[in-house]
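Structure first, then comments.
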Amino acid sequence: MIRRILRRGWRIWERIFCRLYHLQDVPSEGIKLLKIGVQPYRGKRIILQDNTEINPGDMVACLHLNSEQALLLHQPGSSSLRTGVKFLRQAKWAWKGLREMVEREDIPSEVKAFYSVTLFYRGVLAHGMEVRETSDWTRAWQSLYLRWLMVLYHPTGWQRLKTRKEVWAPKEIWISKQQLLSHRNDTHQRK
């Protein structure tokens, strides 16, 4: 009951946030798992694995997990493994939708890279992404925020957070626009 009320209030906040930051859904064959927003990069200069240089002020696209949609993947009585497999399938479709957005030029051409801060960074290397530590000054509040979302939306969120706490540290995931597009070509060549 309390969780439902909190979710309702949080949903209102998320709608306001999406409007303020002009977030749009990433097209997908399944649920709309990801949202994307374009913004200037505010961190320290970084160089990605493919030598793409990201400087303060460069345009980047931030990926946001659509928590409401992710909640739809949890079926009562369904195992964590089954839910995880569904999540991976939806993520694969969202990834395809993101590439299509770049190819259709739905994302401004000046965007150099895509990134997110997430608890779900395991397995992203298979999609051509790289994992980086979050900056010291943001780690604490990002961890608190992402854990709050886990408790709010995951059916067993509180119990999951109590186990293996080191697993629930947020990380940044990055991929350059060029790497995103070339990874698509690599995937097609392997089939």
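The values are calculated or read from the model by the stated rules, or taken from the named source; none is laboratory data. Being a predicted model, the structure only gives us computed values, none of them experimental. Don't worry about glycine lacking a Cβ; one is built from the backbone with ideal geometry, like all the others, and counts go over all protein chains shown.
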Check your understanding: Which pairs have Cβ atoms under 6 Å, sit 6 or more apart or on different chains, and link a residue in the stretch 1-30 that is among the aliphatic types (A, V, I, L, M) to one that is modelled with pLDDT of 85 or more?
Key -> Leu23/Lys35; Leu23/Gly37; Val26/Leu34; Val26/Ile36; Val26/Ala94; Val26/Gly97; Val26/Leu98
Revision key, fill the gap. Per the list (1) under 22 Å from Met59 (Cβ atoms); (2) modelled with pLDDT under 70; (3) not basic (Lys, Arg), residue check on Phe114 breaks on (2)
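When the stretch 14-49 is examined, which residues are found to be aromatic (Phe, Trp, Tyr) and surrounded by 16 or more Cβ atoms within 10 Å (Cβ to Cβ)?
Kept after step one, since they are aromatic (Phe, Trp, Tyr), are these residues of the stretch 14-49: 17, 21, 41.
Within the stretch 14-49, just Tyr41 meets the criteria.
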Check your understanding: Can you tell me which residues in the stretch 82-117 are surrounded by 18 or more Cβ atoms within 10 Å (Cβ to Cβ) and of a type in the set (S, T, N, Q)?
Key -> Gln90, Ser116
Exercise for review: Take the residues in the stretch 135-161 that are of a type in the set (S, T, N, Q) and surrounded by fewer than 18 Cβ atoms within 10 Å (Cβ to Cβ), then tell me which one is modelled with the lowest pLDDT.
Suggested key: Thr156
Check your understanding: How many of the residues making up the stretch 9-38 are touching a Leu at 6+ places or on another chain (Cβ under 8 Å) and small (Gly, Ala, Ser)?
Key -> 2
Practice item. Kindly list the number of the only condition in (1) over 12 Å from the mean Cα position of the chain (by Cα); (2) at pLDDT 70 or above; (3) under 21 Å from Val102 (Cβ atoms) that fails for Asp186. Key: (2)
Point to revise | Pro108, sole failed condition from (1) in a loop (DSSP other than H, G, I, E, B); (2) within 26 Å of Ser135 (Cα to Cα) | key: (2)
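Test Gln39 against the criterion of being touching a residue at least 24 places away in the same chain (Cβ under 8 Å) and farther than 20 Å from Gly128 by Cα, and give yes or no. Show your work before the answer.
On the way: touching a residue at least 24 places away in the same chain (Cβ under 8 Å): no; farther than 20 Å from Gly128 by Cα: yes.
It is false that Gln39 is touching a residue at least 24 places away in the same chain (Cβ under 8 Å) and farther than 20 Å from Gly128 by Cα.
Rundown of residues vs (1) aromatic (Phe, Trp, Tyr); (2) in contact with a strand residue (DSSP E or B) (Cβ under 8 Å, 6 or more places away or on another chain); (3) at pLDDT 90 or above, yes/no style:
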| position | (1), (2), (3) |
| --- | --- |
| Trp13 | yes, no, no |
| Phe17 | yes, no, no |
| Gly37 | no, yes, yes |
| Lys44 | no, no, yes |
Exercise for review: Taking Glu100 as meeting all but one of (1) assigned to a loop (DSSP other than H, G, I, E, B); (2) modelled with pLDDT of 90 or more; (3) not basic (Lys, Arg), write down the number of the exception.
Suggested key: (1)
